[in-house]
There are 4 protein chains.
Amino acid sequence: MIAVLKHNATNEQIENLTAWLEGRGLKVHISRGDLYTILGLIGDTSQIDTELLEGLEMVDSVKRVSEPFKSANRKFHPADSVIEIPLPDSKGVLKIGGDENFQMIAGPCSVESPEQILSIAESVSASGATILRGGAFKPRTSPYDFQGLRADGIELLLEAKKRTGMPIVTEIMNANHLDLFDEVDIIQVGARNMQNFELLKELGKRQKPILLKRGLANTLQELLMSAEYIMAGGNHNIILCERGIRTFETYTRNTLDLSAIPMLRELTHLPVVIDPSHACGVARLVQPMAMAAAAAGAHGLIIEVHNDPVNALCDGAQSLTPEQFAKVAEKVQKIREVVTQA
Amino acid sequence: MIAVLKHNATNEQIENLTAWLEGRGLKVHISRGDLYTILGLIGDTSQIDTELLEGLEMVDSVKRVSEPFKSANRKFHPADSVIEIPLPDSKGVLKIGGDENFQMIAGPCSVESPEQILSIAESVSASGATILRGGAFKPRTSPYDFQGLRADGIELLLEAKKRTGMPIVTEIMNANHLDLFDEVDIIQVGARNMQNFELLKELGKRQKPILLKRGLANTLQELLMSAEYIMAGGNHNIILCERGIRTFETYTRNTLDLSAIPMLRELTHLPVVIDPSHACGVARLVQPMAMAAAAAGAHGLIIEVHNDPVNALCDGAQSLTPEQFAKVAEKVQKIREVVTQA
Amino acid sequence: MIAVLKHNATNEQIENLTAWLEGRGLKVHISRGDLYTILGLIGDTSQIDTELLEGLEMVDSVKRVSEPFKSANRKFHPADSVIEIPLPDSKGVLKIGGDENFQMIAGPCSVESPEQILSIAESVSASGATILRGGAFKPRTSPYDFQGLRADGIELLLEAKKRTGMPIVTEIMNANHLDLFDEVDIIQVGARNMQNFELLKELGKRQKPILLKRGLANTLQELLMSAEYIMAGGNHNIILCERGIRTFETYTRNTLDLSAIPMLRELTHLPVVIDPSHACGVARLVQPMAMAAAAAGAHGLIIEVHNDPVNALCDGAQSLTPEQFAKVAEKVQKIREVVTQA
Amino acid sequence: MIAVLKHNATNEQIENLTAWLEGRGLKVHISRGDLYTILGLIGDTSQIDTELLEGLEMVDSVKRVSEPFKSANRKFHPADSVIEIPLPDSKGVLKIGGDENFQMIAGPCSVESPEQILSIAESVSASGATILRGGAFKPRTSPYDFQGLRADGIELLLEAKKRTGMPIVTEIMNANHLDLFDEVDIIQVGARNMQNFELLKELGKRQKPILLKRGLANTLQELLMSAEYIMAGGNHNIILCERGIRTFETYTRNTLDLSAIPMLRELTHLPVVIDPSHACGVARLVQPMAMAAAAAGAHGLIIEVHNDPVNALCDGAQSLTPEQFAKVAEKVQKIREVVTQA
């Protein structure tokens, strides 16, 4: 960590600050320039609050040199993490992460009925999807919008898992519901709860894989700090997910930040999956962006599929039909072959 | 609500859509143009999900004409809401909202000790602050940062309330902690929890005043929809708070959006307060921005004050000393006089 | 175009507004609701200034239904435009645009010397690049930074063109320099000049192909309106270029908006190329993002290549070596095969 | 300037880099940590290109300690600059800048006719405006929108100046038009041309006061670097203008960044004025934001006024009537009294 002091900082102030920093176990190197004095702080600086240090009158600015995340940091864990998801009936595990393990996650936005979820599960499975997604608890901007089938939705997902053998992923919104998620294979933390730290702490106490979505306006560093909350509790089974960020552009609902893939893969050992459906908001952009995500090195995709978007009038804006999904899956598979060739 | 249909929408499609909309109780007016057909939807459209409608192949775009919030909407409640906060010992109420009722909320970022909170409370009260703030549960980006004194912090705030007669406001992060907030006068929902809908629903079940902070990257409409979640549960005692939004600018920590004040006052009857401390991140910007907020018509200010920012090394970036606060309070008072003059 | 009027608009106001609109040749359909009156305006609305209409007291909001761009609009020109770039010595043309014509543009950030530009030109040509890029006039944020070799730089590019047979593209910053660009094959308008309307008008008077870069904070609609400025003057040879937009994220220099590719291809018939070098700012992100751009359907790539980034100390942050470029070009070629397969 | 090197940088690489930096006249201090090596660079670093240095493989990140602007920097010019604008007929000068000199600039968006500009000039002058604004050359997003009266518009402004004695400010879009601006008192550079460096260089060759508007998505540092372009040419008569930045919020046209006022006043000695009309887009937000700007310490305001916004149908969204302007001017005057009180 580097602290730049203003040129009018007095010797006494600098000595006091140095003593305080040394008291926290840091070594302090001082370089004096004409306009500024620079303090180089060596040691475990993760305990130092940058913003608070910047608040001191004598301090011009503070810069972290080492990232504030540790468990998620590739520097301390150079090899890719591979998250294992147990298949039902002791049929082994699915892997996600590393150069070889790519998974397609697919399913409806909301679980609606036993027939709907089973029919979609079977068709996406036939096209190559290996994990079933479906919303039971739904975060909606408006209190007047459909809030999901909640506990009943999870029951329907578990039933579909039993029938198809696909592991399932669904979103949690409240740590009080954790008991309902016992047989859920991957727990999703949605974009709006990425910094619900109380929830993250609870999830850190279990060994269940977590799909952690980046918030709409959160930096990659904040995403990794939220992963760090879960990992600090002991749960290292984390899959990161980029799903579009909020920008000034209005033609697309969000701006899918695909450069997050190589950037995250450099910063962390955790796997990175992409959700093109939520990012784009319209089905016709999903195929090109799914292909692009695979080309950029994603470890997986999470795609919304609906069995009957035309009749199901109030859905479909961002959902593919099973036929469209099959085509995407085929193209993505070919892109993966190019990516993994030496 | 207006739905613009693409020019290749077939008559059958249009009839199906119209029938479906009429089945939801809406009247549908159709205007056919050369390139587009426009459906004007009249009735209670708050139940219609815009994004889902936009997902239909035949739909070009959808535009809400009436806002999706009702209880918070000034159109249905033209008079300013005035929130009443009971003073201890049956000494009447403090009011916030309307043209006349302006309140200064002040206190430390975190509650640290009995002496600290009491000393700050007494000094800010002497300078005109009427409500005491202080963090007990602290949302921190890093799991390694200080997380607040939690329940003990609330105890210290309640003790300061008893001694000074000032009502208190402090942040909640988890509905499970609600019992601890029984004697807290205003419950704060922080920016990161603005869309923690499970928490908002719980807060809607009580009559306690809520200070609802705008998320870093949330629109004014989303802020009002979050207020609507609380109001839909029956609690109409809501104070909105702007505290800076995330933009590309890096010299200031966040960009304080003061145009939110007149814009919110037009859209809603709820009072609007401004937090210049968190928005700017540095104490020397707090005075001009506090004055500007008052000039723009805010109903109150929430300002961080620390008794000894120099010795208390790890604080102060954004906190004023009691002396600086006294000066701000005096200037703000004079600005208020200009604002309220006929 | 739709104008939503406030419910307190008087009949007289509505009649006046309607008369004024009809005087501009528009047909006006009126739908009255309880809270709003909606005017549907049919006809050539491109002459109506949306923002000015929104300023009227009685108007709640205005929404364009047809886009304000015409010449660039795919609705009026359904087939892809294919831009032809003449090869030197009457050796035919290079094509860019449509599903089949993909071009790799490569070269150094700045032209520095005859040896540098020739050496890079030869090596990228051997790896599959078909067009040579190089900066002669350089827009620099600081007046103290290197401003380019200017006219001399163009001379060196023309010399390299003569020797290698590659068409060249370079940036213009001032219409007064146009004479220098007579033998330049594609004139680039940089991001900072995307809304330099005086320059755009001058470029509209020639038939020279223009590479129009999206501004750092410009919407896709604004990009298309800038294309429209050039096209309105008679020059329809426009290649659009996405090169990253400004967002809150700081790990990457800009956020490359790849969803712009399918979105632009839907809105316009003009070809779309991607500049991953400027967007990412660091060479190690260029390969994955180049592959992703090709997978998303781009018509070409523009990539910075430097012959000796290690010795040439003050360059290279975002430039590839010729060897790295060769590898990117090979991978991109394979991605293109997947994209163009039926 | 600080350069942080990766821990795998070899001694030879570090020595080469150090030698290269010393060759540019800098002193280099080296601090070695476990994970990083930090180079502190002392001397004139404004000639070093940060981004290019960051591109070196061995470099983790680079941070400027001293700002890259010099002439505009308050560190080297502690006293406020006061820009003097000569009044016609040798009646002395108007001053802008410093704690005491506040000016109100007012006038129509576009100059339309002799009667219009004269009538507005007289009425705003009576209400306390001291400088007349009016658009002659208009930058419009659409080529089909009204582009201004151009040279004729300037003639009308000069006529109004002669009749009323008010200095005038109007926008330039092309350095080729400079001859037309000989008698214009302040030349405005609009937001879209803030980084039209060729234009800035031309303006640096004259001593005419320049009103430099911040681009929609430009940082304060970029604004100051553009001022630096003009100052590097010898013209130090620059007035900075904040007019709203582009954010995700859509209720307001732009987000007026009032914290730019105290921040710029800290960074530079140049005066700062605020344009609330363009930022907000609607007249009813202009009064509160004008008051807020004055309260935050602006040196002036630039406000659009139209004599007849109701009849002049295609204007007025953001323009005040002369009566509304008179009220704003009165309130602003009272706020200024509070600001300038000891």
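The values are calculated or read from the model by the stated rules, or taken from the named source; none is laboratory data. Given the structure is predicted, the values throughout are model-derived calculations rather than measurements. Positions of Cβ are backbone-derived with ideal geometry, glycine not excepted, and every protein chain shown enters the neighbour counts. Protein only, heavy atoms only, side chains kept; ligands, DNA and RNA dropped before computing areas. Shrake-Rupley method; radii C 1.70, N 1.55, O 1.52, S 1.80 Å.
Scanning segment C:175-185 for residues that are surrounded by fewer than 21 Cβ atoms within 10 Å (Cβ to Cβ) and acidic (Asp, Glu) returns C:Asp179, C:Asp182, C:Glu183. Out of all the residues in segment C:198-219, which are in a helix (DSSP H, G or I) and open to solvent by 10 Å² or more (accessible area, probe 1.4 Å)? Correct list: C:Glu198, C:Lys201, C:Glu202. Every residue in segment B:1-36 that is of a type in the set (Val, Ile, Thr) and either at pLDDT below 80 or out of contact with any helix residue (DSSP H, G or I) (no Cβ under 9 Å at 6 or more places or on another chain) (or both), please. Of everything in segment B:1-36, those that are of a type in the set (Val, Ile, Thr) and either at pLDDT below 80 or out of contact with any helix residue (DSSP H, G or I) (no Cβ under 9 Å at 6 or more places or on another chain) (or both) turn out to be B:Ile2, B:Val4, B:Thr10, B:Ile14, B:Thr18.
What about C:Ile96, is it crowded, with 21+ Cβ neighbours inside 10 Å, touching a His at 6+ places or on another chain (Cβ under 8 Å) and either within 14 Å of chain D (Cβ to nearest Cβ) or not in a loop (DSSP other than H, G, I, E, B) (or both)? So C:Ile96 passes the test. Filter segment B:114-130 down to the residues that are under 24 Å from the mean Cα position of the chain (by Cα) and free of Cβ contacts under 8 Å to residues at least 60 places away in the same chain, then identify the one that is farthest from the other protein chains (Cβ to nearest Cβ). Checking each candidate, the answer is B:Ser125. Within segment D:205-219, the only residue that satisfies the criterion of being more than 9 Å from every other protein chain (Cβ to nearest Cβ) and among the polar types (S, T, N, Q) is D:Gln207. For segment B:99-122, a residue qualifies if it is open to solvent by 10 Å² or more (accessible area, probe 1.4 Å) and part of a loop (DSSP other than H, G, I, E, B), and the qualifying residues are B:Asp99, B:Glu100, B:Phe102, B:Cys109, B:Glu112, B:Ser113. Is it the case that segment A:61-68 has a residue that's facing chain B (nearest Cβ under 9 Å), modelled with pLDDT of 80 or more, within 20 Å of D:Val65 (Cα to Cα) and buried (at least 17 other Cβ atoms within 10 Å of the Cβ)? There is no residue in segment A:61-68 that is facing chain B (nearest Cβ under 9 Å), modelled with pLDDT of 80 or more, within 20 Å of D:Val65 (Cα to Cα) and buried (at least 17 other Cβ atoms within 10 Å of the Cβ). Counting the residues of segment C:146-159 that are touching a strand residue (DSSP E or B) at 6+ places or on another chain (Cβ under 6 Å) and of a type in the set (A, V, I, L, M, F, W, C) gives 1.
The residues in segment A:245-285 that are closer than 24 Å to C:Thr268 by Cβ, assigned to a loop (DSSP other than H, G, I, E, B) and more than 8 Å from every other protein chain (Cβ to nearest Cβ) can be counted, and the count is 1. Scanning segment B:308-321 for residues that are surrounded by 24 or more Cβ atoms within 10 Å (Cβ to Cβ) and either among the hydrophobic types (A, V, I, L, M, F, W, C) or at pLDDT 95 or above (or both) yields B:Ala317, B:Leu320. Filtered by the rule that a residue be assigned to a loop (DSSP other than H, G, I, E, B), open to solvent by 70 Å² or more (accessible area, probe 1.4 Å) and either within 14 Å of chain C (Cβ to nearest Cβ) or free of Cβ contacts under 8 Å to residues at least 12 places away in the same chain (or both), segment D:69-87 gives a lone residue, D:Lys70. When D:Glu228, D:Glu222, D:Glu242 are checked against the criterion of being facing chain C (nearest Cβ under 8 Å) and open to solvent by less than 10 Å² (accessible area, probe 1.4 Å), D:Glu228 stands alone in meeting it. Total residues in segment C:26-52 satisfying the condition of being open to solvent by less than 30 Å² (accessible area, probe 1.4 Å) and over 16 Å from B:Ile2 (Cβ atoms): the figure is 4.
Of all the criteria given as (1) farther than 23 Å from D:Phe197 by Cα; (2) open to solvent by less than 40 Å² (accessible area, probe 1.4 Å), the one not satisfied by D:Ser125 is (2).
Just checking, how many residues over segment C:123-136 are in a loop (DSSP other than H, G, I, E, B), over 16 Å from C:Asp152 (Cα atoms) and not hydroxyl-bearing (Ser, Thr, Tyr)? The number of residues fulfilling the criteria is 2.
Against the numbered list (1) within 13 Å of chain C (Cβ to nearest Cβ); (2) without any contact (Cβ under 8 Å) to a residue 12 or more places away in the chain; (3) over 30 Å from D:Met263 (Cβ atoms); (4) crowded, with 17+ Cβ neighbours inside 10 Å, D:Leu21 comes up short only at (2).
Could you please let me know if B:Pro139 is in contact (Cβ under 8 Å) with a residue 24 or more places away in the chain, touching a Phe, Trp or Tyr at 6+ places or on another chain (Cβ under 7 Å) and not in a strand (DSSP E or B)? So B:Pro139 fits the description; yes.
Of all the residues in segment D:1-12, those that are surrounded by 14 or more Cβ atoms within 10 Å (Cβ to Cβ) and more than 9 Å from every other protein chain (Cβ to nearest Cβ) number 5.
Here is a check on your reading of the model: is B:Met166 within 18 Å of B:Gly92 (Cα to Cα) and within 22 Å of the chain's Cα centre (by Cα)? For B:Met166, the condition - within 18 Å of B:Gly92 (Cα to Cα) and within 22 Å of the chain's Cα centre (by Cα) - is met. Screening the candidates B:Val305, B:Val273 for the property of being of a type outside the set (Asp, Glu), at pLDDT below 95, closer than 26 Å to B:Ile83 by Cβ and open to solvent by less than 10 Å² (accessible area, probe 1.4 Å) yields one hit, B:Val305.
The single condition from (1) at pLDDT below 85; (2) open to solvent by 10 Å² or more (accessible area, probe 1.4 Å) that B:His278 fails is (1). For segment A:142-161, the set of residues classified as closer than 27 Å to B:Ser46 by Cα, open to solvent by less than 20 Å² (accessible area, probe 1.4 Å) and in contact (Cβ under 8 Å) with a residue 12 or more places away in the chain consists of A:Gly148, A:Gly153, listed by residue number. A single member of A:Gln195, A:Gln188 is open to solvent by 10 Å² or more (accessible area, probe 1.4 Å), part of a loop (DSSP other than H, G, I, E, B) and either in contact with a strand residue (DSSP E or B) (Cβ under 7 Å, 6 or more places away or on another chain) or closer than 30 Å to B:Thr50 by Cα (or both), and it is A:Gln195. Residues of segment C:162-174 that are open to solvent by 30 Å² or more (accessible area, probe 1.4 Å) and either in a helix (DSSP H, G or I) or of a type in the set (D, E, K, R) (or both): C:Lys162, C:Arg163, C:Thr164. Look at (1) farther than 27 Å from C:Phe248 by Cα; (2) within 9 Å of chain A (Cβ to nearest Cβ); (3) of a type outside the set (Gly, Ala, Ser) and you find that B:Met166 fails only one, number (2).
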